[in-house]
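Structure, as structure tokens:
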Amino acid sequence: MQTVIQSKTKAVKIDNQGIFTIIGESINPTRRKKLIETLQARDFEYVRELAVTQIQSGADILDVNVGFPGVDDVSLLPEVVKFLNENFDIPLCLDSPNPKAIAAGLAVAPARTLVNSVNGEEKSLNALLPIIKEFGAVVIGLVMDDNGIPNDAEGRTSIAEKILERAEKSGIPHSDVVIDPIVMAVSADTGAALATLQTIEMVHRSFGVNIILGASNVSFGLPDRDTINQNFLALAMYAGASCAITNPVKATSSIRAVDLLMGRDQYASRFIKNFRLQQKAMETAKH
């Protein structure tokens, strides 16, 4: 199944039978004091820096989150969206728990945008799905509901089914819903990653929809996080995941290697292209 996200002139196809899609995670104020300070000042040059680094490192889409305590995200999110659209030609993923901020961001987005996220709670479904339909957006469906996050794959898959059914009733096709099976920290629960992988397999087998991961969550609280993240991503890709919100600086080389090994990169073209980009970036950094 293909899910299309667009910018002014580019289209990115999230495809569970094709090349893995990388969504850059860095435009997010969580644990980024400098980003909070510059966003508060409505100074977007650091946003530009983060965008450039991620694009040069292989990001296909940029996640945009401007949430921090006291922020007026209804006014700030569309400002950042406009800035990115004026300076870059790359599809965006608008990341906010505030439906009003999402609507404001979609109103200034030039084309088909990804939204992070709706979940199985009635409040979330009722607030977000009409906005997604109105703007012709694509939405991430997070497998939690009014009872929280199920511990097992069956419970999470049941919520995925509910989200897909409610989206369809709202006029949103399955191809415009990307399911997030929820990645939890293995430092808190050693079975967390396995539950996510089993959910990926079950959702992929049951519905054939695209599946997204917040991949970096798996290693929270542990040393050598990059090693954990990259190995988890490889397992998730084999299980059926189509895309991830992750750090492209750290993850792209590993992802492109897995694409190649899974037979999805004809003549190793993507892998070689990424290798050359990384070599060029290293040479530039030396000078």
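The values are calculated or read from the model by the stated rules, or taken from the named source; none is laboratory data. Remember, predicted model here, so these are calculated numbers, not experimental data. Every residue, glycine as well, gets a Cβ built from its backbone with ideal geometry; the counts of neighbours run over all protein chains shown.
Considering LEU129, LEU114, LEU106, which residue is of a type in the set (A, V, I, L, M) and crowded, with 24+ Cβ neighbours inside 10 Å?
LEU114
State all residues of region 54-66 that are outside any strand (DSSP E or B) and either crowded, with 22+ Cβ neighbours inside 10 Å or out of contact with any strand residue (DSSP E or B) (no Cβ under 7 Å at 6 or more places or on another chain) (or both); if no residue qualifies, say none.
Result: GLN54, ILE55, GLN56, SER57, ALA59, ASP60, ASN65, VAL66.
Which one is surrounded by the most Cβ atoms within 10 Å (Cβ to Cβ), of the residues in region 203-222 that are under 20 Å from ILE14 (Cα atoms) and at pLDDT below 95?
ALA215
Would you mention how many residues in region 238-251 are surrounded by fewer than 24 Cβ atoms within 10 Å (Cβ to Cβ) and either within 16 Å of the chain's Cα centre (by Cα) or at positive phi (or both)?
Qualifying residue count for the region: 4.
Of these, LYS13, LYS100, LYS34, which one is surrounded by fewer than 21 Cβ atoms within 10 Å (Cβ to Cβ), within 30 Å of ALA239 (Cβ to Cβ) and at pLDDT 95 or above?
LYS13
Just to be sure I understand the filter: pairs with C-beta atoms under 7 Å, separated by 6 or more residues or on different chains, first member in region 230-256 and under 13 Å from ASN210 (Cα atoms) and modelled with pLDDT of 95 or more, second member surrounded by 20 or more Cβ atoms within 10 Å (Cβ to Cβ) and of a type in the set (Phe, Trp, Tyr). Which pairs pass?
Short answer, once both residue conditions are applied: MET237/PHE20; SER242/PHE20; CYS243/PHE20.
Give region 223-237 a look and list any residue that's of a type outside the set (Lys, Arg), surrounded by fewer than 18 Cβ atoms within 10 Å (Cβ to Cβ), over 17 Å from the mean Cα position of the chain (by Cα) and on the phi < 0 side of the Ramachandran plot, or say none.
PRO223, ASP226, THR227, ASN231, LEU235 - these are the residues of region 223-237 that are of a type outside the set (Lys, Arg), surrounded by fewer than 18 Cβ atoms within 10 Å (Cβ to Cβ), over 17 Å from the mean Cα position of the chain (by Cα) and on the phi < 0 side of the Ramachandran plot.
Whether any residue in region 106-120 is within 23 Å of ALA236 (Cα to Cα), of a type outside the set (Lys, Arg) and out of contact with any strand residue (DSSP E or B) (no Cβ under 6 Å at 6 or more places or on another chain) is what I want to check.
no
Looking only at region 197-217, decide whether some residue is charged (D, E, K, R), without any contact (Cβ under 8 Å) to a residue 40 or more places away in the chain and under 30 Å from LYS280 (Cα atoms).
no
Going through PRO69, PRO29 one at a time, which residue ends up being surrounded by fewer than 21 Cβ atoms within 10 Å (Cβ to Cβ) and either assigned to a strand (DSSP E or B) or under 16 Å from the mean Cα position of the chain (by Cα) (or both)?
PRO29
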